[in-house]
Structure formats: C-alpha cells, structure tokens
Amino acid sequence: MKSGNLKYFITGGGTGGHIYPAVAVADYLSEQTRCSIHYIGNPKNLEFDIVANKKYDFLPVNISGMPRKAGFELFKWFVYLILAIMRCIFYIMKYKPDVVFGTGGYVSAPVLFAAKLLDVPYVLHDCDSNPGLVTRSLASGAKSISLAFDCARYYIDNENCFVNGNPLREGFKTLSKEAARNNLGLENKLTICVMGGSQGAASINSATVDILKTLSKDYNVQVIFQTGKKKYQAVIDSLSAIYPEFEEDKNILVKPYFEDMISVLKASDIAVSRAGSLSISELCASGIAVVYVPYPHAAADHQRKNAKYMLDCGAGLYVEDEQLNSGVLLDLLLDLINDNDKLVNLQNSALSLAKYDGVTSIVRQIRDAV
C-alpha cells in the first residue's frame with residue numbers, strides 16, 4: 001500500500017444512484033487523507049452541477065446512455081464511446097491516478113475501460129440487486145467489487161466481492177425522528193412520505209392527490225409530498241380543485257423538492273417510493289415501511305428487480321406502476337395504518353437491511369487497491 005499524497009479518479013454520473021455514492025466516497029477520501037481527486041463525468045449531466053460546488057477537478061467525457069436498438073444511433077454511440085475512452089487514456093497518462101473508483105453506469109464506462117487497458121487498479125461499486133452491464137463487463141479485472149445487495153454477488157465474476165450497502169450520509173445514523181419532525185415543523189404523529197424521485201412520478205402524484213384529504217381528515221395522518229420540480233404546478237392545480245383548503249391543513253406538506261431529505265425520511269413511518277437503489281438504502285436506514293412503485297422503464301428493469309428483492313425480504317410492499325390508482329394506494333396505506341403489527345414488522349425488516357458504514361468500507365477497498 002502506497003503512502004503520501006495519492007491521486008484518485010472518481011467516476012459516476014447520469015442519475016443520483018450513480019452520482020451520490022461516488023461523491024460520498026470522494027468526500028470521505030478528501031476528509032480523511034491527503035489526496036488529489038479528479039472527478040470524471042458528463043458536463044451536461046447532474047454530476048457536473050454537484051461537483052461544481054466542491055473542490056474536485058472535473059474532467060469531462062462526452063458519453064450518453066447506450067441505445068437499446070441496433071441501427072445508426074447505436075453505431076454512432078460506439079464511435080463516441082471509443083473517442084471517450086481515448087480521452088480517458090489521455091487523462092490517465094497526464095494525471096497518473098493511483099486508483100480509479102467507479103459506480104457503474106454509462107458515464108463511468110470510458111475511464112474504467114481506459115484503466116483496464118493501461119493496467120491501472122480500479123474498484124467498482126454497483127448499487128442494484130442485478131448489477132449493470134458496465135459492472136458485469138469489467139468485474140473480472142477489478143481489484144475488488146463493492147455491492148449494495150447480497151444477491152448481486154451471483155452475477156459478478158470476481159472473488160473479492162464485499163456487500164457494503166450504499167454510502168450514506170451521517171445524518172441517517174444520528175438524526176432522531178423527533179428532531180427530524182421538528183426540522184420540518186411537523187407534529188410527533190404518524191407520518192407518510194410520498195416521493196417519485198427528484199423528477200417526480202406522474203402515477204404516484206395522481207394517486208396521492210386524490211387521497212390526501214382522506215388521509216388527513218379521516219385518519220389524522222401527516223403527509224410529506226415531494227412532487228418533483230416539473231410536476232409541482234400540475235399537482236397544485238389538481239389538489240386545489242379537489243381540496244381547496246389544503247394549504248391551511250397542517251397535516252399536509254407539499255413541495256416540488258426537499259433539499260433536506262434526511263429529515264424527510266427520518267420523520268416518516270411509511271413511504272410511497274420508486275425503487276432506485278440509493279432510495280432503498282436511505283429508506284432502510286430510516287426504518288420505514290415502504291410501498292414500492294418501481295419505474296417501469298428503468299434500464300435493465302433494475303427498479304422492479306430491486307423492489308421484488310425487498311418484497312422477498314419482507315421489507316416492503318409492491319405495486320406495479322400501471323396498476324397504481326388512488327383506490328389501490330389508499331388500501332395499501334390503510335393496511336399499514338390500521339395494522340400496527342404489520343407496520344412495525346416491515347419497519348424492523350427494513351432496518352435490519354440497513355448498512356451505515358458503506359463509505360468507510362468502500363474507502364478501505366480503494367486504499368487496499370493501491
């Protein structure tokens with residue numbers, strides 16, 4: 001193991017499930033050791049905005065998701081991939097990283113392929129129950145693999161697999177439910193969180209709007225409702241037509257997006273959510289009983305696979321997006337509201353899957369790779 005000021009390439013982009021674990025690892029490395037960190041990503045993606053607020057050197061690559069059908073677009077994509085790999089070879093030869101760490105997805109592919117070609121040590125983290133194409137393609141050459149789900153190891157051709165969960169922020173371990181509710185101005189009573197990701201989910205939003213008044217007035221339940229920025233006005237318009245007094249209802253908190261998602265999740269007892277891996281990790285760490293509504297068009301159908309894994313673990317409920325409506329959603333929620341034993345069992349099962357030391361475990365793997 002080398003000592004001194006090490007150089008790391010960190011890569012992951014496109015979606016929060018790839019970006020936030022990569023950034024969490026970069027932050028921990030920079031806090032705990034003297035090192036240089038270069039972040040490789042697409043400047044047109046969310047990772048650029050997130051990394052811009054940090055001190056890392058951002059190295060751009062022009063790559064997007066692989067087209068699913070054969071044809072000219074797929075051929076053009078392969079040309080862009082080759083050009084991106086060549087650029088990453090240049091980056092590696094210029095900066096000479098000691099280790100490359102990638103969280104999978106198309107953004108990380110060029111630099112990981114370049115690392116393999118130049119025999120630079122690399123470590124992978126995959127956040128899904130069924131690892132993605134990049135992870136499966138490059139696993140055999142990695143120094144080690146970090147996984148979020150135990151079942152994912154069956155798809156990996158590498159003996160050095162470690163199930164670490166996803167990197168989580170410290171607040172998921174330390175913030176109390178009472179403090180989280182105080183942060184949001186909520187009372188200390190049963191609370192439901194509804195979220196469809198930062199972009200929102202039309203099916204979840206529509207079903208929720210129809211039952212908000214019932215949940216508040218008939219069952220005295222608090223609801224934290226994240227609509228997604230682009231869908232916020234449509235939700236407000238629909239909600240105003242159905243329940244004009246909703247803004248005066250202290251049980252209902254509706255926003256397009258919450259910056260402090262730690263408080264939102266730690267304040268909640270029940271959640272309605274998509275089934276992205278990072279969201280699942282944060283929901284488990286918060287000990288929440290979840291109704292999963294997987295996004296039906298996710299790459300390699302990974303959200304449905306994630307949700308079914310949670311169902312098999314007894315740590316969540318499951319409904320298909322196309323089957324979701326206000327009646328189905330209300331029945332699922334009332335089943336938990338009216339059955340405290342079932343609610344607690346789901347919460348405890350979710351909590352038993354939580355892994356709070358993912359960042360430190362992954363960083364240990366990265367250091368061991370040097």
5 angstrom amide H check on Val291, placed H, neighbours 5+ away: Ala271, Val272, Ser273, Leu317
Under-5 Å amide H pairs with Ile37, H placed in peptide plane, nonlocal only: Tyr8, Asp57
Packing-based order for 109-118, 156-165, using average beta carbon neighbours within 10 Å, highest first: 109-118, 156-165
3J(HN,Hα) from dihedral phi, the range 179-196, Karplus parametrisation 6.51/-1.76/1.60, rounded to Hz, x for glycine, proline: 5, 4, 5, 4, 4, 9, x, 9, 7, 8, 8, 3, 10, 10, 10, 10, 8, x
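Rounded, prolate or oblate for the range 171-352? Axes are the square roots of the Cα gyration tensor eigenvalues, ordered a ≥ b ≥ c, and the cut-off for rounded is a/c under 1.5. If you can, show how the numbers build up before the last one.
On the way: a/c = 1.38, a/b = 1.13, b/c = 1.22.
Note, shape of the range 171-352 comes out rounded.
Could you order the peptides 262-275, 199-212, 343-356 from most to least packed, using the average number of other C-beta atoms within 10 Å per residue? Could you put the intermediate results ahead of the total?
Values: 262-275: 24.5, 199-212: 21.0, 343-356: 17.3.
Result, highest mean first: 262-275, 199-212, 343-356.
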For the range 227-290, with +1 on Lys and Arg beta carbons and -1 on Asp and Glu, the positive-most of Gly276, Ser263, Ser238 along the dipole: Gly276
Hz values of 3J(HN,Hα) by residue in the range 219-235 - Karplus curve (6.51, -1.76, 1.60), Gly and Pro given as x: 10, 6, 9, 7, 10, 9, 10, 9, 8, x, 4, 6, 9, 4, 5, 5, 5
The range 217-264: translational diffusion in µm²/s, Stokes-Einstein, Kirkwood Rh over Cα pairs, 10 °C, 1.306 mPa s: 137 µm²/s
Cα gyration tensor shape for the chain, rounded if a/c is under 1.5, else prolate or oblate: prolate
Tilt relative to the chain, helix 72-95 - C-alpha long axis, 0 to 90 degrees, to 10: 60 degrees
Folded to 0 to 90 degrees: helix 302-312 orientation relative to the chain principal axis, Cα: 60 degrees
Segments 188-197, 286-295, 169-178 sorted - mean Cβ within 10 Å per residue, highest first: 286-295, 188-197, 169-178
Karplus-derived HN-Hα couplings along the range 25-34 (A = 6.51, B = -1.76, C = 1.60, θ = phi - 60°), whole Hz, x at Gly and Pro: 5, 4, 4, 5, 4, 6, 6, 9, 9, 7
Long-range HN-HN contacts of Val221 with modeled amide H, under 5 Å: Ser216
Full-stretch length increase - Glu73, Asn345 - with 0.36 nm per residue and alpha-carbon distance subtracted: 93.1 nm
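Each value in this text was obtained by applying a stated rule to the coordinates, not by laboratory testing. Values in this document were obtained by computation on a predicted structure and should not be read as measured data. Don't worry about glycine lacking a Cβ; one is built from the backbone with ideal geometry, like all the others, and counts go over all protein chains shown.
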